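Right, one structure below, let's go through it.
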Amino acid sequence: MLWFAQAAALGRVAAVIAATVVFPLLVSGPAVAQQTPGYPSRPITLIVPFAKGGPTDVVARLISAEMTKSLRQPVVVENVTGAGGTIGTLRAAQALPDGYTLVLGHMGTHAAAVALYPKLGYRPDVDFAPVALVARMPVLLLARRGFPASNLAEFLAYIRGHQDRINVAHAGIGSVSYASCMLLNHLLDINPTGVPFNGTGPAMDALVAGQVDYMCDQIVNAVLPLRTEVIKAYAIASADRDPAVPEVPTAAEAGLPQFQVEAWNAVFAPKNTATEIVHILNAAVVHALDQPEVRAPMTGLGGVIPPPDQRTPGALAALVAAELPKWRQMLKRPLP
Ligand code: ASP
């Protein structure tokens with residue numbers, strides 16, 4: 001009787017193993033990992049250098065779920081926050097180049113931060129092996145719902161009259177939100193009080209709660225609160241309106257054509273990561289970007305999935321090389 005119970009228990013264990021290990025192997029995506037035995041053989045950490053719930057975190061969680069399926073190892077998001085995303089990014093730069101620590105960087109961590117931190121501990125174009133661009137996304141000028149202005153001109157007039165009382169939320173020096181609103185503030189010649197958060201997830205909470213006045217952030221963080229009208233937007237810093245928020249005027253339509261910012265997110269590994277591993281990771285990201293589970297939510301929230309020719313490691317290296325001087329120039333410009 002005892003052996004029968006044990007055998008039945010073992011049978012259940014075998015069934016669980018079959019269901020959790022073998023079955024996913026049979027049904028999951030392309031055999032990205034099969035060509036290179038050995039990698040990945042354990043979970044991969046994808047560092048998000050900002051808080052949970054913000055745009056970088058949302059993008060990371062979308063792609064990590066699909067990468068987990070195709071790589072057949074968990075891709076685990078770890079939020080390592082602080083200093084505008086530069087702390088988590090530095091950790092990735094200093095990690096072993098074994099393919100098990102990656103970072104989802106962005107226009108801030110891998111471009112703007114260089115112009116703002118004289119002693120930044122990493123060089124975006126030297127200390128990383130670029131893996132793949134994941135998304136491009138417009139940036140919007142957002143305000144708390146009760147902010148007493150209904151368009152950009154009124155926003156400017158109100159701020160000019162109340163400079164000492166206005167605050168702007170951001171995700172730390174060097175972040176997309178910081179760099180974008182720094183550009184905006186330069187253009188408008190205004191000098192509000194900055195309120196740093198460890199990501200624009202919590203910054204958005206504060207905006208919704210009316211604790212801060214305005215913020216510049218990626219569209220992915222803005223679409224849902226705009227739809228539910230718990231915040232408002234004065235402009236999108238792009239040449240065209242965005243179908244995800246068609247009611248928001250372009251910066252040019254709102255009267256500030258120079259306010260043009262494009263944010264992007266991309267996966268990076270530490271430098272000296274083996275080319276073969278970079279290729280495996282790139283294939284996993286590229287595969288993820290083509291899955292409806294990623295495409296539908298990403299595009300629904302206004303993110304733009306790059307076309308295939310922009311998803312290569314080489315294209316990402318070229319993007320970083322172009323963004324570094326651009327942001328150094330943009331953030332050093334004198335006040336108008
Ligand atoms: N959007 C943020 C930034 O300003 C970061 C985040 O929470 O994703 O860089």
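The values are calculated or read from the model by the stated rules, or taken from the named source; none is laboratory data. It should be emphasised that the depicted structure is a prediction, and the values quoted were computed from it without experimental measurement. Reconstructed Cβ throughout: ideal geometry from the backbone, glycine too, with neighbour counts over all protein chains shown.
Any residue at all in segment 155-165 that is away from the ligand (no atom under 16 Å from the Cβ), closer than 16 Å to Phe259 by Cα and either crowded, with 17+ Cβ neighbours inside 10 Å or hydroxyl-bearing (Ser, Thr, Tyr) (or both)?
Yes, there is a match, as at least one residue in segment 155-165 is away from the ligand (no atom under 16 Å from the Cβ), closer than 16 Å to Phe259 by Cα and either crowded, with 17+ Cβ neighbours inside 10 Å or hydroxyl-bearing (Ser, Thr, Tyr) (or both).
What's the total number of residues in segment 58-80 that are surrounded by 21 or more Cβ atoms within 10 Å (Cβ to Cβ) and more than 19 Å from Asp290 (Cα to Cα)?
Of the residues in segment 58-80, 0 are surrounded by 21 or more Cβ atoms within 10 Å (Cβ to Cβ) and more than 19 Å from Asp290 (Cα to Cα).
Name the residues in segment 182-214 that are part of a strand (DSSP E or B) and more than 13 Å from Leu141 (Cα to Cα), would you?
Thr193, Gly194, Val195, Pro196
Quick one: Ala179 ticks every box in (1) near the ligand (Cβ under 10 Å from one of its atoms); (2) part of a loop (DSSP other than H, G, I, E, B) bar one, so which box is it?
Of (1) near the ligand (Cβ under 10 Å from one of its atoms); (2) part of a loop (DSSP other than H, G, I, E, B), only one is false for Ala179: (2).
In the set Ala296, Ala322, which member is closer than 17 Å to Val114 by Cα and without any contact (Cβ under 8 Å) to a residue 12 or more places away in the chain?
Among Ala296, Ala322, only Ala322 is closer than 17 Å to Val114 by Cα and without any contact (Cβ under 8 Å) to a residue 12 or more places away in the chain.
Would you pick out the residues in segment 182-202 that are among the polar types (S, T, N, Q) and within 16 Å of the ligand (Cβ to nearest atom)?
Across segment 182-202, the qualifying residues are Asn185, Asn198, Thr200.
Failed condition for Glu262, given (1) within 16 Å of the ligand (Cβ to nearest atom); (2) farther than 29 Å from Pro124 by Cα; (3) surrounded by fewer than 18 Cβ atoms within 10 Å (Cβ to Cβ); (4) not small (Gly, Ala, Ser), with all others met?
(2)
Out of Ala129, Ala135, Ala115, Ala149, which single residue is more than 12 Å from the ligand (Cβ to nearest atom), among the small types (Gly, Ala, Ser) and assigned to a strand (DSSP E or B)?
Just a single option satisfies the conditions, and that option is Ala129.
Give segment 81-112 a look and list any residue that's over 11 Å from Gly172 (Cβ atoms), of a type in the set (Ser, Thr, Tyr) and not in a strand (DSSP E or B), or say none.
Of everything in segment 81-112, those that are over 11 Å from Gly172 (Cβ atoms), of a type in the set (Ser, Thr, Tyr) and not in a strand (DSSP E or B) turn out to be Thr89, Tyr100.
Got a number for residues in segment 128-149 being surrounded by fewer than 21 Cβ atoms within 10 Å (Cβ to Cβ) and either under 19 Å from the mean Cα position of the chain (by Cα) or without any contact (Cβ under 8 Å) to a residue 24 or more places away in the chain (or both)?
2
Select from segment 77-135 the residues that are more than 11 Å from Ala269 (Cα to Cα), in contact with a Ser or Thr (Cβ under 7 Å, 6 or more places away or on another chain) and small (Gly, Ala, Ser) and list them in ascending order.
Gly84, Gly85, Gly88, Gly108, Ala113
Are any residues in segment 244-273 in contact (Cβ under 8 Å) with a residue 60 or more places away in the chain and assigned to a strand (DSSP E or B), and if so, which ones?
Answer for segment 244-273, where residues must be in contact (Cβ under 8 Å) with a residue 60 or more places away in the chain and assigned to a strand (DSSP E or B): Glu262, Ala263, Trp264, Asn265, Ala266, Val267, Phe268, Ala269, Pro270.
Of a type outside the set (Asp, Glu), within 15 Å of the ligand (Cβ to nearest atom), in contact with a helix residue (DSSP H, G or I) (Cβ under 7 Å, 6 or more places away or on another chain) and at pLDDT 95 or above, is that true of Cys216?
yes
State the number of residues belonging to segment 215-243 that are among the hydrophobic types (A, V, I, L, M, F, W, C) and assigned to a helix (DSSP H, G or I).
Number satisfying all stated conditions: 5.
Any idea which residue in segment 65-93 is farthest from the ligand (Cβ to nearest atom), counting only those that are of a type in the set (Gly, Ala, Ser) and in contact (Cβ under 8 Å) with a residue 60 or more places away in the chain?
Filtering segment 65-93 for residues that are of a type in the set (Gly, Ala, Ser) and in contact (Cβ under 8 Å) with a residue 60 or more places away in the chain, the one farthest from the ligand (Cβ to nearest atom) comes out as Ser70.
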